[in-house]
Amino acid sequence: METQPLEIQKKEYAKIVKEIRPKPPLLRNVAGAFVVGGLIAIIGQVFLNFYQGLGLSLQEAGAAGSATLIFLAALLTGLGIYDKIAEVGGAGTIVPITGFANSMVSSAMEYRGEGLVLGVGARLFTVAGPVLVFGIVTGWAIGIFYYFFR
Amino acid sequence: MIFFKAFLVGGLICVVAQLLMDLTSYKITPAHILVGFVTAGALLSAFGFYQPLVNWAGAGATVPLSGFGHLIAQGAVQGVQEKGLLGVFSGGITTTATGITAAVVFGYFASIFFRAKG
């Protein structure tokens, strides 16, 4: 049997791979992200209302609510529960502020063996570091722009 | 009603992130998503698009990390109004101080108290 040129073999192979590879379950992922992300927002709203009921201003209640969500996310990540929710929720567990806390705890826990300073201390900021860098630089630029052009 | 709006908007913002992860051929990690949403939230806030969303959907707009970006941008503007140029440097962190401290402190203790599995 005559073998095909390598280029054609590669193309054939790519085609077969494309056919066989399972399609990402897009609809299921999107539904999971929507429901879980929405539910976390509802929990946030419950805390927001609760703290406002205690007499805090809207801004203070928002800060207290965020801190509470962060506490719960850190706890659930430590217990291994947040990762279970993430299997269903996908981006619904990443985008909320709870996902920010989750990213800090999970990498710090994983590298704890490298010590308190270079393990826990540094790895808390594997994801949080970039978020703060780009958040702060963007905020600074907005402030500068507002200062000169308001 | 506010709970329904929070659910709707909070869910939809997460759907945007899920579509970015699933439909683009780039390798988009959670870090890229979080950085992108903070930056986008701050910029949308600066152009006045984010506050109306917060007014309408409450926690649905503040709980996603774009709300964190919104807080930073709001703080920068408030800082300029109160302290001028110095406020450019202090404003963004002032409004987000509670969240940042909570994340560092709770994150620290959680990673000390709990052991990673496996």
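What the table below lists for this structure:
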read-out: Residue satisfying all of: in region A:106-135; β-branched (V, I, T) and buried (at least 19 other Cβ atoms within 10 Å of the Cβ); nearest to B:F89 (Cα to Cα) among these; value: A:V131
read-out: Top-ranked residue of region A:9-63 - restricted to ones that are surrounded by 11 or more Cβ atoms within 10 Å (Cβ to Cβ) and of a type in the set (V, I, T), ranked as farthest from A:K84 (Cα to Cα); value: A:V46
read-out: Among the candidates B:A61, B:A31, residue that is assigned to a helix (DSSP H, G or I) and buried (at least 22 other Cβ atoms within 10 Å of the Cβ); value: B:A61
read-out: Top-ranked residue in region B:36-52 [being aliphatic (A, V, I, L, M) and surrounded by fewer than 21 Cβ atoms within 10 Å (Cβ to Cβ); ranked as farthest from the other protein chains (Cβ to nearest Cβ)]; value: B:L44
read-out: Test set (1) surrounded by 19 or more Cβ atoms within 10 Å (Cβ to Cβ); (2) more than 8 Å from chain B (Cβ to nearest Cβ); (3) farther than 25 Å from B:L43 by Cβ; (4) not aromatic (F, W, Y) - A:N102 fails condition number; value: (3)
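Since every read-out is calculated from the coordinates, none of them should be taken as a lab result. Quantities reported herein were computed from a predicted structural model and do not represent experimental measurements. Ideal geometry is used to build each Cβ from the backbone, glycine not excepted, and the neighbour counts take in all protein chains shown.
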